[in-house]
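Data first, discussion second: the structure below is written as structure tokens.
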Amino acid sequence: MTGAAGWHHLTAGGVSLLVEAVAGASPRVLWWGAELGSTDLAAVALAAGAAGPHGGVVASSAALLFPNYAEGDASRPALAGHRGGVDFSPLPKCVTVDSSESALAITSADESAALSVRTDVEISESGLLRLRHAVTNTGDSDYVLDGVAAALPIPGEAAEVLDFTGRWSRERSPQRRPMTIGAVVRDSRRGRTGHDATTLMCAGEPGFGFRHGQVWAVHVAWSGNHSTYAERTPSGLGRLGGGELLLSGEVILAAGAEYVSPWLFAVYSGAGLDGVSASFHRWLRARTNHPKSPRPIVLNTWEAVYFQHDLEKLCRLADAAAEVGVERFVLDDGWFGSRRDDTSGLGDWYVSAQVWPEGLSPLIDYVRGLGMQFGLWVEPEMINPDSELARAHPDWIMSTGGRLPAEVRHQQVLDIGNPAAYAYIFERLDALLTEYPISFVKWDHNRDLVDAGQSGAEPHNRAGVHRQTLAIYRLLDELRAKHPGVEVESCSSGGARIDLEILQRTDRVWTSDCNDALERQAIQRWTGLLLPPELMGAHVGPTESHTTGRVHSLSFRAVAATFGHSGMEWDIASITAQERARLRTWVSFVKDHRDLLHSGDVVRADYPDPAGWVHGVVATDRSCALFAYVQMASTAFERPLPVQLPGLDPDRCYLVRPVYPAGQPADVNRTGPAWMAAGEIALSGRALATVGLALPILRPEQALLLEVSPR
Ligand code: GLA
């Protein structure tokens, strides 16, 4: 809705964004938060106009949509750059506004600095906002761009910040702190999204939980260097924002050239983090490119065979996979060039005649003959110095200063921003996808970009991460256009490339290389704030975790792998018949429940004991649900506190029963409460959300699934 005085009210899903865009003035954000309804916009604008501070600049109290120094906003500016040392302080003023119920496009210009800015703002049905700035150099000389960020204001109630860090095999660890005056800035200079990328920056009412407290959250949708921040200035103004982190000299806009910032996704929830994830999940699921078919059960060969590729052994693995109900068999690293271990071969995307003398067809035909899809691992943006490609084209390696970057996992980065390298990689992948009936590509990226100058014979190359990031998007887009039936997984040493821009051209992520089911509870819980279960690869790993050495029961591992795009990563040809039978029962359970798990609302309870985690998926019509109670650690209590099941219809009656698709946790019956002895209980959604259910005594690292169905 647009008001007479240039007020634009975007509202949906319980959220309002009120923007004032008047020709000749800087656009301002008057409100972002709970829905305003049909309030008088003029009165809101008047109410929002703050007093000028003593000795300050009046405009500094207004939340500019394009924060700038020129009007005395002392916080992080939207744009940093210069034209040969001048035009450092642009003041873009509104020229035109195009608006609809769900979108705004504001064009602003600063004639003196010769820059124009188009700001796009959109709201989805769930109230999710996204915004970005496109900056054009309207002058006739180069403009050096140091950064463009998008940001939205947050009120004083947002006084606690939650962000995420991580490392290989432990992605997305939460960290909380008070939001005081100053900035919390999370820079990712990894040349990929990063294991430590914050994914979300949340600010909320102190103590906000999954089901309570107002929360504002942003995500920078970018797969290269980027920055995300929460800031409050002494004026009281707070903001959440972020954008691409440009390396020096990386973007120099020639006359007439345009730079488009990444989308900043922004979500408000009146009731905790479950509202944040619900908004992201609804937006993702509404996309036309969101995977629609039932997510096939995967077997990935990595932890089963590593580099030991042997047709006979892989066929036995495929037999076992088919027996337990796997639908997609994925051949991981080791099938090409000299790649018998991780020291060589990256870049030589030709099937190895040494290990695959008849090509991949014997295995692919065998796998498909068993009724499974075939998937293949690749790592196209990488190159081993020990490879035919590196020997033929050493100048395609990203570098600067006449030196090679430090090696990581014996590899360097191939500059796919270089048209010749791009053409080679496109040809190789296209040829493989044309020759073989490949349904799925596990697309990996196993190192940070360091000293990543654009390639070429010239030793003093310009920074190339921006160009590389655009090139990977183009490569995926062009391959997918040519091979539309092929699904792609975004893997990057596990979960180091998880963001909403890579997800515009991929169908799931490899959430982490850590298949330890205890660690996975945390990794999936926090990755799940952004992504719904169907986009997160979740596999049953070996009994003894290869990354942590922990030993877990199959039942515990299966519970973790249920709440994602399920699969396994284990040499299931060598396990016992009983284990295989349990795996088969679990696979068929997942198949029966994946419609619910991959379309319903993800909920987590604010369980009062930190040793127990409760999460679930509730059907959107609230007719049924599946919950997990997970004993993360030993509890201080003699018996677990009752578990409340959130998100159900208070006025409906449900049947709840414990289910054990991959076997019962030891002793669960001996210590089970009365209702479990009866096998099930009928209760209203209201009673389940308030009184809750007594639980059996579980040992640490045991879990229980509770199936909720209509009475
Ligand atoms: C990365 C991936 C793993 C596996 C290996 C293969 O670490 O995250 O899943 O594919 O590479 O080298």
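The values are calculated or read from the model by the stated rules, or taken from the named source; none is laboratory data. Computed from a prediction, not measured in an experiment: that's the story for all the values here. For neighbour counting, all protein chains shown are included, and Cβ atoms are generated from backbone atoms with ideal geometry for every residue, glycine included. Only protein heavy atoms, including side chains, enter the accessible area calculation; ligands, DNA and RNA are left aside. Shrake-Rupley method; radii C 1.70, N 1.55, O 1.52, S 1.80 Å.
Return the tail of the calculated pair distribution for the chain, meaning the percent of Cα-Cα pairs more than 38 Å apart. It works out to 40 percent of all Cα pairs. From most to least packed by mean Cβ count within 10 Å, the peptides 459-467, 178-186 give 459-467, 178-186. Each Lys and Arg Cβ is given +1 and each Asp and Glu Cβ -1; about its Cα centre, the chain then shows a dipole of about 1440 debye. Using the 1.4 Å probe convention, the accessible area of region 604-710 works out to 42 Å² per residue with neighbouring protein chains retained. The 3J(HN,Hα) values that the Karplus relation (6.51, -1.76, 1.60; θ = phi - 60°) gives for region 464-476 are, in residue order, x, 5, 4, 5, 5, 5, 5, 5, 5, 4, 5, 4, 5 Hz. Gly and Pro appear as x. Taking a point 7 Å out from the Cα of R580 in the direction of its Cβ, the residues of region 307-335 whose backbone N falls within less than 19 Å of it are 310-330. Residues in region 327-496 average 35 Å² of solvent-accessible surface per residue, probe 1.4 Å, ligands and nucleic acids excluded. Positive end of the dipole of the chain (Cβ unit charges, origin at the Cα centre): among T199, L648, S574, the Cα lying farthest that way belongs to L648.
Think of each Lys and Arg Cβ as +1 and each Asp and Glu Cβ as -1; about the Cα centre, that makes the dipole of region 186-273 roughly 220 debye.
Based on DSSP H segments of at least four residues, each scored -39500 (n - 2.57), the chain has a per-residue ellipticity at 222 nm of -6000 deg cm²/dmol. In sequence order, region 418-423 has phi-based couplings of 7, x, 5, 5, 4, 5 Hz under the Karplus curve 6.51 cos²θ - 1.76 cosθ + 1.60, θ = phi - 60°, and Gly or Pro positions carry x.
Comparing S173, L264, P661 along the charge dipole axis of the chain, the residue lying farthest to the positive side is P661, per the Cβ-charge model.
For region 604-710, the Kirkwood estimate of the hydrodynamic radius, built from every pair of different alpha carbons, is 13.8 Å. In the chain, taking the dipole from charged Cβ atoms about the Cα centre, the farthest positive-side position among P394, T511, S709 is held by S709.
Using r as the Cβ-Cβ distance of I181 and D146, and R0 as 30 Å, what FRET efficiency do you calculate, to the nearest 0.05? Once the sixth-power term is evaluated, E becomes 0.75.
Taking the square roots of 5 times each eigenvalue of the Cα gyration tensor of region 327-496, largest first, gives ellipsoid semi-axes of 29, 17, 13 Å. Share of carbon and sulfur in the accessible area of the chain stands at 53%, probe radius 1.4 Å. Its Cα centre serving as origin, region 86-144 has a Cβ charge dipole (Lys and Arg +1, Asp and Glu -1) of approximately 120 debye.
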